[in-house]
Structure formats: structure tokens, C-alpha cells
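Readers should treat all values here as calculations from the given coordinates under stated rules, not as data from a laboratory. Predicted, not measured: the structure shown is a model, and the values here were computed from it. In this analysis, Cβ positions are derived from the backbone assuming ideal geometry, glycine residues included, and neighbour counts consider all displayed protein chains.
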Amino acid sequence: MKKTLLAGLCAGALCLSGMIGPARAQDDQVQSREGIALQNQILSLQNQVQQLQGQVQQGASGGGGQSAPAPISQGANSDLTTQLLQRVGTLEDQVRQLRGAVDQLTNQVNTQNAQLNKQIGDLSFQMQGNGGAAAAPGAAPGAPPAPALPAAPPAEVAPTPEILMQQGIAALHQGQFQTSEGVAREILAKHHSSPRAYDAQFLLAQSLQGQKRYQEAALAFDDTYNMNHKGKRAPSALLGLAVTLAAINQKSAACDTLGTLHAQFPVPPGYLAQPIAAAHHKLGC
């Protein structure tokens, strides 16, 4: 596209140069034809005036005794001289106007030519600057290779639900309950269809309980149990529900929950036997 544009501009410059040449030639023709013709007429008129003046002088001196043409009256001679002088002045004005028009046209053409040459030069300079960056395939042999662009940083891989659960459980054991809560909520939001969502719901309940937000924790434990009544988290969820209900002074509901736990899991997992007994003892159920 750039080469085509440059070629078009260069062609325009040649066309303009072609126009300038005929214009100057035409100016020369005007000067050689009309100007010379006018100058010849002026000279002819001046000669006629001189002849008339000479005739007037001869008539005044009597012709020296020789026969002379009939004298022209002074009034007619004066009128004719005035007319001739007026014609001479008019022709001279025409010549000056014609030369002024020619000079103006010449200056205009020269100005346009200079502007076009400047535009072509500016465009050529810009193309040379852009061509240096785009001329890699045609670079001179032995030229240093272009510096390699820095490699893009590898895209960050989103952690899997399993990795998030590991992070959340570690934060819970370290007492960083807000962190473990955030991890649990992230899994529930982004991976709600994953099998790890069940574990994340239980992690959320434990994190809320650790922050002593017992009412929210009770709802979270209840949601965990309702997700799977026979799941591996169900006994722990029922125990957590009973404990958090007791913390918000819902002793009767807490005892009912312990009854449900005993009915559904008469032989609970070994790690829950002591906590369940402690809850019964504390509540007096």
C-alpha cells in the first residue's frame, strides 16, 4: 500500500512537472507573440508620431522653397497626436498586465511544485523509517539478529477443589478460621457440582463455629447433614448441630439432635464417641 501511494505521488509530481513545462512554454509564446506584436505596434505608432511632428516642423519653416505636401492643420495634427499617444499608453498597460499575469502564474506553479516536492520528501523519509523495522527478511548478511521478545509469563493454573480443601483444612487446624471459611465458600461457589462440595460445606460449618458465629454454624451443619443423611460427614454434622444449638440456648433442640444422632448411628465412629458423651453430659439429655 505504501509503495502504491508513493508511486501515485511521484506520478503526480511528474504530471505537475509536465504541466509546469507547457505553462512556461505558453508564457514564452505569449511574450513572443502578443508582447512582441504590441511592442511593434508601439514602435510603429511612435514612428508615426515622429513623422507627424517632422511634417509639422517642415510646414512651419515653409519647406525651404521646395514643394511639400499639403500642410496639416494644427488642430487636426494635435487631435491625431493625442489619439496616438492614448493608444500607445493603452498598449503599454496591456503589456504590463499581461506580464504581471504571467509572473503570477509562474510563481503559483513554482509554489505548488515546491509543496508537492516537500510532501514527497516527507513521505519518503517516513517510509524509510518504517521500512527499517519491516525489512527483517531482506536484512543485509551479517546484520545482528533482532532481539527476541520476552516470553509471556505462564498462565496461572487455577487450583483444583482437592488442593483448595487441603489449604482450607490446614488453615482450620492452625486456627485461621476466616481463611478456611473463604476457601470453603470458594469451593462452594466455583465447584458446587464437585464431590468436594460436601466436604467444603462441613468445612464452612466448622470455620463458623471456630469464629463463635454459632447461629450461622448451626445452619451450616444442618445443610451438611441434609446434603447426605448417610454420608461420612453426617454424624459429625449432627454433633456439630447439637453443640451450636446449645450455644445459642436451644437446649431442647440440641437434645433432639443428639437423639437423632443416636438413632441413625447407634455405633458412631470411634473418634466421635467421647465428644458425643461429653455433649450428653453437658446438656443433661
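Output wanted: per-residue J couplings in Hz (rounded whole) for the stretch 230-236, from phi through Karplus 6.51 cos²θ - 1.76 cosθ + 1.60, θ = phi - 60°, x for Gly and Pro.
10, x, 5, 8, 4, x, 5
I need the GluC sites (Glu not before Pro) found in the stretch 148-251, filtered to DSSP loop residues with at most 12 other beta carbons within 10 Å of theirs.
Working: sites: 156, 162, 181, 186, 216; in loops: 156.
Of the GluC sites (Glu not before Pro), the ones in loops of the stretch 148-251 whose Cβ has at most 12 other Cβ atoms within 10 Å are 156.
So if I take the centroid of the Cα atoms in the stretch 168-244 and the same for the stretch 258-282, what is the distance between those two points in Å?
19
In whole Hz and in residue order, list the ³J(HN,Hα) couplings for the stretch 197-206 that follow from phi through the Karplus curve 6.51 cos²θ - 1.76 cosθ + 1.60, θ = phi - 60°; x for Gly and Pro.
So the Karplus estimates, Gly and Pro as x, are 5, 4, 5, 5, 5, 5, 4, 4, 4, 5 Hz.
Which loop trypsin sites (Lys or Arg not before Pro) in the stretch 172-224, with loop taken from DSSP, have no more than 12 other Cβ atoms within 10 angstrom of their Cβ?
Sparse-neighbourhood loop trypsin sites (Lys or Arg not before Pro): 212.
List the residues, sorted by chain then number, that are 5 or more residues from residue 248 or on another chain and whose placed amide H is less than 5 Å from its amide H.
Under 5 Å from the amide H of residue 248 lies no amide H from a residue far enough along the sequence or on another chain.
Could you pull out every one of the aspartates and glutamates with an alpha carbon less than 18 Å from that of residue 232, ignoring same-chain neighbours closer than 8 positions?
Within the straight-line limit of under 18 Å, residue 232 reaches these aspartates and glutamates: 162, 199, 222, 223.
Could you tell me the calculated FRET efficiency between residue 280 and residue 216, based on Cβ-Cβ distance and R0 = 35 angstrom, to the nearest 0.05?
0.90
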